[in-house]
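In what follows, a structure is listed as structure tokens, so that the remarks can point back to it.
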Amino acid sequence: MNASPRKLTLDEWDDRHEQLRRDGLREPTYGGPLRRHVVRDRNFRLQHLQFDNSPAALRLWNFLLTENQRLHQARANGDKLVGAMKDLGTVPVMAYSLPSMRAFYPDGAWWTPCLMECGDMLLQQAETMGLDSSFCPVRAMLPAFEHGGHFPRPDLLVCSAGAICDDFSAIAQRLEHLGHPILWWEMPRRRQPDSGETACALPGGLSAPKIQVDCVRAELGRVGQALGELAGKHLDDVWLADGIRAANRVRRTLESLRRTVYAAPAAALPALEMLVAEMLAIHFCSDREESIAVLDGLLAEAQSRARRNQFAVSADAARIFWVNPVADLRAMNLLEEIGGRICGTDYMFTHALDLIPEDLPPLEALARAALADPMVGPASDRAARIVRECRANGAEALVVSRIPGASHCAREGEIILQFARREIGIPAIELEISPVCDAMRTGLRSRLQALVEIARDRRPA
Amino acid sequence: MIRAGIDAGSRSIKTVLFDTERKEILASGLADQGVEQERLAAELFARVLKEAGLGRSRISGVVATGYGRHAIGFADTTITEITCHARGVHWLAPSARTIIEIGGQDSKVISLEDGGRVRDFEMNDRCAAGTGRFLEMVAARLEMNWEKLSELGRQSRKPAIISNVCVVFAETEIIGLLAEGKPLPDVVAGVQNAIATRVSALAGRFIAPPVYFTGGVALLPGMARALEEALSCPIHVAPQPQFTGALGAALSDGA
């Protein structure tokens, strides 16, 4: 089963899956050929992607693409479902601390227009609900809530407010107005402690005044109470501490995976699978235990390939640090097609990758982790971390990809580019990638190819 | 050894033959772009070879660049226009530190290091307002060619202010200005200024002198002047600006 790393089309995966089954591949209940996600769920974009050929990648894709079905099944089994919006990594840790409770990420519907090549009309439907194309594609979740057909309606909907992007606030407010009650919790904009203020260390090398940590801790306490009421149990520190340890198990595995793939001289796994893998950090793709198994499989595959000196991307590829997730998954394939590879990422949720402190009271630890969210602090904090990781992983160029309509910080991309140019002097570009980027593919390809050419041209002779 | 560079742009295809030993351009040619990009490029290539009195066997390599580079199947390799314009301009003007290239459907600002290596670049391919497409629209609306357009622009005494950054809506403004009796040269100069303003916004952080202007739009004298005013720095028009991309391709190692 340990074939040399190769990219496969969907057609090729059909054959490969058959072969793997004949060879005795054992799959989880959500396993099967990738083709069915096109036939049954109309995820047409899969027909235009190139996938890694490992069984571990197959499991990852099946895990991702069966999330809605698994959620419906969990509901049928009596599990409580929590829609955790915007915080990208904190409330899910709390929800999974309780038995028979799952958190999911309704905002994740922003990838649905890409996967379905807009065949679901979610974006158009959002427009009729007052959220036009000047808003982030996250607006796709609105008709998904209203008309169903995607994820089940959650038993509790939780969303952070305050220092979050304007787009998301507007979309979530509209959602509540349409009859979906939301438990809001306040997230202050992170700032440096003033002189005389007590400072608290946050994950990721950041700090914030104690008053902000106290505020978030109190807010999360309120969320915890609501989660407990939904579960009919008291969410105490023992459960929370267990939940934090389990979340950290995911984060440690992801850290090992990122180090194995990004920091190595050549990439053992492709950029596309790594993007999906990193996304598991946010809410464990609705199944924490299984996400650990999926990530363990990917890590084992990456380490095995590294040991065998077999890589998914040429060792000569230009080392690109990529900022923000792409609205069209195809862009990750494109980068590798033109001779680039990912050597580091900041997909907007680095706080969900950092370990949650285990030596603090659980709510205090979660408050500190939540405040480390790159989107609730100044863009310069985010830029500094990006530069640090670019240096550590030997990035030769930087890409900041923008999502059309997204506006959590209109000038953030420019700030990151300027910071990177000034501090490390690597070429850097900002790209806008729409949910289906086929029409802009020529221009996109030119920009990325030029960046790769420049990066290679700058290598010492 | 003779190398060929082909720049398959959105409006035209350009070819340059370069002698790497004598370090000189042997021939160049230009043809309109069309649907059958490879056939048009092949015909142009054959014509330029014939005019130069060279057989195909004398060409040691062909590099394609430009928007349609991937359509040129007879090229040995492809390189982006960013790299090629940088190499072409550096060969023509080694002191160049910034290149502004305004093409038919995009515009680019390229920052160069000592030695001509690209430091960074910025590119606009999402909005027609900073590209030759804007001028094409105006030329079509006024029923005149680019040369006449340029000539008119030079006669302007008080350029009109085109306030809209969208070409489609700017067209409405132009119609309005003409209906109000605004002199034609002032409207044309206003359009040139609007393009220059758009490009200067793109160029902002990159501008380091000397700045060289290249691409087909650089042939319009009024454009360089408009850019000088928008950027507050001297603008040098590259020699044979429409051929710098093809020249850079011919100079490239991949050939």
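Pairs only if they're at least six apart or on different chains, beta carbon under 6 angstrom, first in the stretch A:131-156 and farther than 21 Å from residue A:286 by Cα, second acidic (Asp, Glu); list them, first residue then second.
Partner pairs satisfying both residue conditions: A:135/A:167; A:136/A:167.
Can we say residue B:83 is among the hydroxyl-bearing types (Ser, Thr, Tyr), surrounded by 18 or more Cβ atoms within 10 Å (Cβ to Cβ) and assigned by TED's automatic domain parsing to the domain that holds residue B:221?
no
What pairs come out if I take residues in the stretch B:189-212 that are in contact (Cβ under 8 Å) with a residue 12 or more places away in the chain and pair them with residues that are of a type in the set (Asp, Glu) whose C-beta lies under 8 Å away, six or more apart or interchain?
Between residues of the stretch B:189-212 that are in contact (Cβ under 8 Å) with a residue 12 or more places away in the chain and residues that are of a type in the set (Asp, Glu), the close pairs are B:193/B:229; B:196/B:229; B:202/B:122; B:203/B:122; B:206/B:120; B:206/B:122.
What about residue A:378, is it under 21 Å from the mean Cα position of the chain (by Cα), in contact (Cβ under 8 Å) with a residue 60 or more places away in the chain and within 14 Å of another protein chain (Cβ to nearest Cβ)?
No: the conditions fail for residue A:378.
Which count do you get for residues in the stretch A:45-66 that are within 17 Å of residue A:261 (Cβ to Cβ) and of a type in the set (Ser, Thr, Tyr)?
1
Are there helices (runs of 4 or more DSSP H) fully within the stretch A:221-310 with at least 1 residues that are without any contact (Cβ under 8 Å) to a residue 24 or more places away in the chain, under 25 Å from residue A:84 (Cβ atoms) and β-branched (Val, Ile, Thr)? List them.
The qualifying helices (runs of 4 or more DSSP H) are A:237-262.
Residues being over 14 Å from residue B:250 (Cβ atoms) and in contact (Cβ under 8 Å) with a residue 60 or more places away in the chain: count how many of those fall in the stretch B:34-70.
Residues that pass the stated criteria total 1.
Kindly provide the set of residues from the stretch A:1-38 that are in contact (Cβ under 8 Å) with a residue 40 or more places away in the chain and not in a helix (DSSP H, G or I), ordered by number.
A:1, A:2, A:3, A:4, A:5, A:6, A:7, A:8, A:9, A:28, A:30
Could you check the stretch B:5-23 and list, in sequence order, the residues that are out of contact with any Leu (no Cβ under 7 Å at 6 or more places or on another chain) and either more than 11 Å from residue B:250 (Cβ to Cβ) or of a type in the set (A, V, I, L, M) (or both)?
B:6, B:8, B:9, B:10, B:11, B:21, B:22, B:23
Would you point out the residue of the stretch A:417-444, among those that are part of a helix (DSSP H, G or I) and within 20 Å of residue A:341 (Cα to Cα), that is nearest to the other protein chains (Cβ to nearest Cβ)?
A:443
Could you run through the stretch A:66-95 and say how many residues are surrounded by fewer than 24 Cβ atoms within 10 Å (Cβ to Cβ), of a type outside the set (Lys, Arg) and out of contact with any Cys (no Cβ under 6 Å at 6 or more places or on another chain)?
Number satisfying all stated conditions: 12.
Mind telling me which of the residues B:204, B:245, B:222, B:190 ends up being surrounded by fewer than 16 Cβ atoms within 10 Å (Cβ to Cβ), part of a helix (DSSP H, G or I) and of a type in the set (Gly, Ala, Ser)?
B:204
Only one of (1) of a type in the set (Gly, Ala, Ser); (2) closer than 18 Å to residue B:92 by Cβ; (3) at pLDDT below 90 fails for residue B:194. Which number is that?
(2)
Residues to consider are A:63, A:51, A:104, A:135; find the one that is touching a His at 6+ places or on another chain (Cβ under 9 Å) and buried (at least 23 other Cβ atoms within 10 Å of the Cβ).
A:104
Looking for whichever is assigned to a helix (DSSP H, G or I), within 14 Å of chain B (Cβ to nearest Cβ), touching a residue at least 60 places away in the same chain (Cβ under 8 Å) and under 20 Å from residue A:336 (Cβ atoms) here; the options are A:456, A:447. Which one fits?
Just a single option satisfies the conditions, and that option is A:456.
Does residue B:206 satisfy the criteria of being within 21 Å of the chain's Cα centre (by Cα) and within 14 Å of another protein chain (Cβ to nearest Cβ)?
The answer is yes for residue B:206.
Provide a single number: the residues in the stretch A:190-220 that are surrounded by 14 or more Cβ atoms within 10 Å (Cβ to Cβ), out of contact with any Asp or Glu (no Cβ under 8 Å at 6 or more places or on another chain) and charged (D, E, K, R).
3
Mind telling me which of the residues A:330, A:307 ends up being over 30 Å from residue A:213 (Cβ atoms) and touching a Lys or Arg at 6+ places or on another chain (Cβ under 8 Å)?
Residue meeting the stated conditions: A:330.
Please enumerate the residues belonging to the stretch B:206-253 that are among the small types (Gly, Ala, Ser) and under 21 Å from residue B:29 (Cα atoms).
Matches in the stretch B:206-253: B:215, B:216, B:218, B:238, B:245, B:246, B:248, B:249, B:250, B:252.
What helices (runs of 4 or more DSSP H), lying completely within the stretch A:117-179, carry at least 3 residues that are over 22 Å from residue A:433 (Cβ atoms)?
It comes to A:141-147, A:166-177.
Please verify whether the stretch A:269-279 includes one or more residues that are in contact with a Pro (Cβ under 7 Å, 6 or more places away or on another chain) and farther than 17 Å from residue A:246 by Cβ.
For the stretch A:269-279, residues in contact with a Pro (Cβ under 7 Å, 6 or more places away or on another chain) and farther than 17 Å from residue A:246 by Cβ: present.
The values are calculated or read from the model by the stated rules, or taken from the named source; none is laboratory data. Because the structure is predicted, anything quoted here is derived from the model rather than measured. A quick note on method: Cβ atoms are made from the backbone with ideal geometry, for glycine too, and the neighbour counts reach across all protein chains shown.
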